[in-house]
1. Work out the FRET efficiency for Ala146 and Ser186 from their Cβ-Cβ distance, taking R0 = 41 Å, and round it to the nearest 0.05.
2. Please give the FRET efficiency for Ala242 paired with Ala68, using the beta carbon to beta carbon distance and R0 = 30 Å, rounded to the nearest 0.05.
3. Treat each spin label as a single point 7 Å out from the Cα along the C-beta direction, and report the Glu228 to Ala52 distance in nm.
4. Quick one: what are the phi-derived ³J(HN,Hα) couplings along the stretch 95-103, Karplus 6.51/-1.76/1.60 with θ = phi - 60°, whole Hz, x for glycine and proline?
5. Let me check I've understood the local charge: for Ser106, count other residues with C-beta under 11 angstrom from its C-beta, Lys and Arg +1, Asp and Glu -1. What total comes out?
6. What are the ³J(HN,Hα) couplings of the stretch 148-154, residue after residue, when phi is run through the Karplus curve with 6.51, -1.76, 1.60 and θ = phi - 60°? Round to Hz, x for glycine and proline.
7. With both partners inside the stretch 117-251, how many of the DSSP beta bridges are antiparallel, as a percent to the nearest 5?
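What follows is calculated from the coordinates using simple rules that are stated; it is not laboratory data. In this text the structure is predicted, and so the values were computed from the model without any measurement. Methodologically, a virtual Cβ is constructed for each residue, glycine included, from the backbone with ideal geometry; neighbour enumeration extends over all protein chains shown.
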Amino acid sequence: MSESPTDSAGQAWAGKSIPTSGFAGDTGGADPDLLAALATAHLTPDPDAEVALLSHVASARWLVPVVAVADEVDGSGDHAVETRSDMAAVTLTSPDGSRALPVFTSLETLAAWDAQARPVPVAASTAAQAAISEECQVLVVDVASAHATVLRPSMLWALAQQRRWLPSHLDHHVAAAVGAAVASESQVTGHRVEAGEPAGAGVLRVVLSLPAGLSADEVGAIATRIGERIATDGETRARIDALTFSLEAAT
């Protein structure tokens, strides 16, 4: 009578299920629609292109690279010998100290960047949550490719929270927060929000209507107070990549 097959711990395989990543049948190729959206946003980073891109990004499969990192090294001989290693996600650090998690659309773009890295397929929300846990501020798509694209902090947080991303000047939550921050400034007779410059940087411009005759220090103090109120709301801060002010004469 033959014995039932077992695993290395002696437990029977019968009745067991092997968990999957949810990407069964994935061949490692890139989604053509995603590549097209990346190319468009890369060449013309306007709000419509970015909204379309994030829609594709949110539903796509991503490849996160992991590499072997030496955990224990034996240096007793003539040459150091790695005795144990762990797999770790790769992060990139820019000269200013900010960190990025690289993600890839396909095995091809990953191999072109680092042929030794192991691809781990994940959903966009998982990649974004991993980036935040690694204290990364952005995701970088297909590093070193012609369509390499940085997904800014506001995009990263939207993906991690699995909510729709909108440019900050079109975001109703941001509009309400700016309105609340301006409301207590009696000298501000009106305001509006709009896209700032440069395009593709996620800058929110708050235009303030102020009466003539205010000194530069008075104007600066008003803008500072408004900016500080906006910054104290973590949810609003996560939806704005950069903030600037401009002025117009009150009518």
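1. Approximately 0.20, to the nearest 0.05.
2. My answer for the efficiency is 0.20.
3. About 4.3 nm, to one decimal.
4. With coefficients 6.51, -1.76 and 1.60, one gets x, 7, x, 6, 10, 9, 9, x, 10 Hz.
5. Residues near Ser106 contribute -3 overall.
6. Result, rounded to whole Hz: 3, 9, 9, 8, 5, x, 5.
7. The antiparallel proportion sits near 55 percent.
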